[in-house]
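Okay, so here's the structure we're looking at.
The values are calculated or read from the model by the stated rules, or taken from the named source; none is laboratory data. Bear in mind the structure is a predicted one, so any value in this text is a computation, not a measurement. With ideal geometry, Cβ positions are generated from the backbone for all residues, glycine too; neighbour counts draw on all protein chains shown.
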Amino acid sequence: GAVVSQHPSWVICKSGTSVKIECRSLDFQATTMFWYRQFPKQSLMLMATSNEGSKATYEQGVEKDKFLINHASLTLSTLTVTSAHPEDSSFYICSAPWAGAETQYFGPGTRLLVL
Amino acid sequence: GENVEQHPSTLSVQEGDSAVIKCTYSDSASNYFPWYKQELGKRPQLIIDIRSNVGEKKDQRIAVTLNKTAKHFSLHITETQPEDSAVYFCAASGGTGRRALTFGSGTRLQVQP
């Protein structure tokens, strides 16, 4: 099956700093990737759709200037949480559809803790 | 946009019994319905999916049914085992060309040995 990786797997940072999370499709190309956020004991909520070669599409209520997304290549999308605050502490997960189909494969997630 | 509701939020069964989780969706244009299993601290793992042109799909102990008219779909797990204990999420996509998944709220399944 398709493999999606994320880095780092966890990060602790101070309030006000920026954190970059990478999402890579290892054995396939993905023109589109998705970023989700999951708070403890809650469901996955879509934050944005990352599009290779064009701007990301953000969901309502997600600040595009705070959560910067760059889809630099067909195998890499990055999410940068700028000026992180404790309320941004969450589990961030990316996904990518394999072979342009509906099936999506998830990365292992990045647990962010902002102190 | 799409809205997916999932019930129950928690489900406890005895080992060997069956478990059923139900979801409803709002966008009649949605055409893809996957189910994911998520263990604590890990990524969601796809366990089965169904497309709108199919009413039922089965894979060993797991089956999914879809009722397009009523806009609901269900996950059935038979002969449950303790390792089936996890959080299960239903999802939907495809409405108005939307490829992103809209998830249900999740069901915590606990299989008692």
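Working only within segment B:92-108, note down all residues that are surrounded by fewer than 22 Cβ atoms within 10 Å (Cβ to Cβ) and more than 7 Å from chain A (Cβ to nearest Cβ).
B:GLY95, B:THR96, B:GLY97, B:ARG98, B:ARG108
Against the condition at pLDDT 95 or above and within 19 Å of A:LEU46 (Cβ to Cβ), how does A:TYR105 come out, does it pass?
no
Provide a single number: the residues in segment B:64-92 that are more than 16 Å from B:THR107 (Cα to Cα) and under 13 Å from the mean Cα position of the chain (by Cα).
2
Here's the yes/no breakdown for (1) over 25 Å from B:GLY106 (Cβ atoms); (2) hydrophobic (A, V, I, L, M, F, W, C); (3) within 14 Å of chain B (Cβ to nearest Cβ); (4) assigned to a strand (DSSP E or B):
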site: A:GLN6; (1), (2), (3), (4): no, no, yes, yes
site: A:VAL11; (1), (2), (3), (4): no, yes, no, yes
site: A:GLY16; (1), (2), (3), (4): yes, no, no, no
site: A:ASP27; (1), (2), (3), (4): yes, no, no, no
site: A:PHE34; (1), (2), (3), (4): no, yes, yes, yes
site: A:PRO40; (1), (2), (3), (4): no, no, yes, no
site: A:LEU46; (1), (2), (3), (4): no, yes, yes, yes
site: A:SER50; (1), (2), (3), (4): no, no, yes, yes
site: A:LYS64; (1), (2), (3), (4): yes, no, no, no
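Got a number for residues in segment A:52-62 being within 11 Å of chain B (Cβ to nearest Cβ) and in a loop (DSSP other than H, G, I, E, B)?
2
If the requirement is being surrounded by 15 or more Cβ atoms within 10 Å (Cβ to Cβ), away from every other protein chain (no Cβ under 14 Å) and either among the acidic types (Asp, Glu) or out of contact with any helix residue (DSSP H, G or I) (no Cβ under 9 Å at 6 or more places or on another chain) (or both), which of these qualifies: B:SER52, B:SER74?
Only one candidate passes the filter, namely B:SER74.
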